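Notes for the one structure printed next.
The values are calculated or read from the model by the stated rules, or taken from the named source; none is laboratory data. Here the structure is a predicted model, which is why all the values come from computation and not from measurement. Heads up, the Cβs are rebuilt from the backbone with ideal geometry, glycines too, and the neighbour counts pull from every protein chain shown. The area values use the complete protein model at the heavy-atom level, side chains included, leaving out ligands, DNA and RNA. Shrake-Rupley method; radii C 1.70, N 1.55, O 1.52, S 1.80 Å.
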Amino acid sequence: MHNAIKKKIVAVAAVTILAFQFVVQSCSPVYSCFSQNPKQLFYAICFHLKHDSDKSFCGKINSVVASIQGYVSLKPLSSAVNFEKDVNMCWIDVYALCAKYQGLYRLHHTKDCIVRLLNGSLSVCSDYSDMVSASQNLLSCEEFLNERGISMLYVIAPHKNYKYHPLTPRGIIDYETGNMNRLVSQIKDRIDVIDNRELYKNNPEEHYKLFYIGDSHWKIQYAFLAYCQIMQYLEERYSIEFENKLKSIENFSVYSSGVSDDLSELYGRFYLPKESTLYLKPKFFTNIKIFSSNNVNLPFIYDVDYTGDFDMTILCKLYPTLKVVNPEAVNKKKLMVIGDSFSPPVMSLLCLSFEQVEFHAFNYYRDSLIKNIEEFQPDCVLCIFSSRQTELPIFKEFSK
């Protein structure tokens with residue numbers, strides 16, 4: 001028997017024993033049913049496994065869960081009301097443990113292609129795109145802005161699976177690098193581009209250190225480097241002042257606030273250790289006003305009306321529209337930032353350099369950029385998107 005097959009059999013057996021122990025010890029309804037009628041519960045599981053059409057690994061796990069749920073629901077147990085939630089959570093853990101012990105690289109998820117890279121961390125892979133639609137929409141936006149004397153800058157946030165040192169396992173293709181190269185080739189003659197994928201070209205190991213292990217997002221230290229790169233570019237190109245106190249991360253303190261909501265959350269409690277989200281706090285005086293409204297229909301995003309010290313925990317959320325006023329900023333100019341989930345930490349730091357910043361997160365945006373631009377009248381529009389974005393629907397209205 002091949003060693004690989006032996007390894008999988010041992011892994012499945014080990015996880016099965018672990019899963020059984022976990023279920024019977026931590027879920028009292030299952031323990032009660034199993035201790036009272038072990039043969040009937042065993043038959044119920046076997047029946048589901050035999051008759052369910054989905055023969056995949058996930059399908060088999062779902063069958064076991066369904067059989068336990070169906071069996072327990074027939075029992076007059078007072079704790080059975082919350083059993084469905086408990087069992088679902090339990091079997092997410094079991095699935096993740098099976099994937100972990102078998103060394104699986106492709107992880108099941110209905111929306112994204114989530115993979116375990118060769119260094120053990122999680123990332124999201126991109127499908128192929130010719131990037132024509134996204135490029136055309138961006139160029140139409142640039143034309144609209146150019147007619148109004150507004151400059152535009154497109155900033156590429158780095159993809160975790162680094163272009164200079166990819167760690168995708170054999171058999172998995174990540175088209176991110178090619179997609180972004182195609183986008184750049186189509187817009188570079190008209191739109192200024194800053195490519196953060198070049199920051200650690202000669203030190204790819206550091207690139208991976210500055211990402212969360214269980215997620216595809218960069219840490220605040222990486223975002224700070226991107227902020228510095230943007231400000232240096234604006235200083236050279238548009239005479240925007242980049243203050244000395246903002247050029248060094250030594251003038252900020254790094255702190256954590258709660259456990260990050262990351263990709264590893266999809267795989268239960270034991271797949272990867274939980275990480276804390278990192279933020280920066282200036283060591284110098286700050287006084288800003290943050291305002292956002294009409295967020296009532298969005299999950300975990302609330303209206304905000306804040307005045308006080310710079311607070312990155314407030315700023316680092318995907319508000320559809322966020323307005324920040326900083327009377328202490330040396331640049332008495334207006335900046336509009338449009339971006340994805342990589343952009344809030346960079347936008348937060350940009351609030352220290354500009355008197356007015358308006359931010360739009362394309363993930364939740366439902367308004368009109370044309371209307372917002374006309375009303376806000378920015379001096380510059382800055383786009384910050386991760387290099388795995390293949391569709392940018394927020395700019396579609398400029399191509400109509």
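For this structure, a couple of remarks:
- Rg/Rg_ref, the stretch 82-235, where Rg_ref = 2.2 N^0.38 Å and atoms are Cα: 1.28
- Cα extents for the stretch 297-400 along the principal axes, largest to smallest and rounded to whole angstrom: 39, 31, 26.
- The string of couplings for the stretch 364-379 from the Karplus curve (6.51, -1.76, 1.60, θ = phi - 60°) is 10, 5, 10, 9, 10, 5, 4, 5, 5, 5, 4, 6, 7, 6, x, 7 Hz, one whole number per residue in order, with x for Gly and Pro.
- ³J(HN,Hα) computed for each position of the stretch 343-353 - Karplus, 6.51 cos²θ - 1.76 cosθ + 1.60, integer Hz, glycine/proline x: 7, x, x, 5, 4, 4, 5, 5, 5, 7, 9
- Between Phe285 and Ile172, residue separation times 0.36 nm minus the direct Cα-Cα distance comes to 35.8 nm.
- The apolar share of the surface of the stretch 119-276, taken as the fraction of accessible area on carbon and sulfur atoms (1.4 Å probe, ligands and nucleic acids excluded), comes to 45 percent.
- In this structure, the pairs whose alpha-carbon distance is over 26 Å, taken from Lys160/Lys274; Lys111/Lys219; Lys201/Lys317, are Lys201/Lys317.
- ³J(HN,Hα) computed for each position of the stretch 273-282 - Karplus, 6.51 cos²θ - 1.76 cosθ + 1.60, integer Hz, glycine/proline x: x, 6, 10, 8, 6, 9, 9, 10, 10, x
- Inter-centroid distance (Cα atoms) of the stretch 285-311 relative to the stretch 152-204, Å: 32
- Other-chain or far-sequence residues with amide H under 5 Å of Lys333's (modelled H): Glu355, Gln356
- For Ser386, the residues whose modelled amide H falls within less than 5 Å of its own, excluding neighbours fewer than 5 places apart on the same chain, are Ala157, Asp340, Phe342.
- Based on C-alpha pairs under 8 angstrom that are at least 6 apart in sequence, the stretch 124-399 has a relative contact order of 23 percent.
- Semi-axes of the equivalent ellipsoid for the stretch 170-288, computed as √(5λ) from the eigenvalues of its C-alpha gyration tensor and ordered from largest down, come to 28, 25, 12 Å.
- The Rg/Rh ratio for the stretch 124-399, using Cα coordinates for both the radius of gyration and the Kirkwood hydrodynamic radius, is 0.94.
- From most to least packed by mean Cβ count within 10 Å, the peptides 292-300, 364-372, 181-189, 340-348 give 340-348, 181-189, 364-372, 292-300.
- Using the Cβ-Cβ distance between Gln136 and Glu236 with R0 set to 35 Å, the FRET efficiency works out to roughly 0.75.
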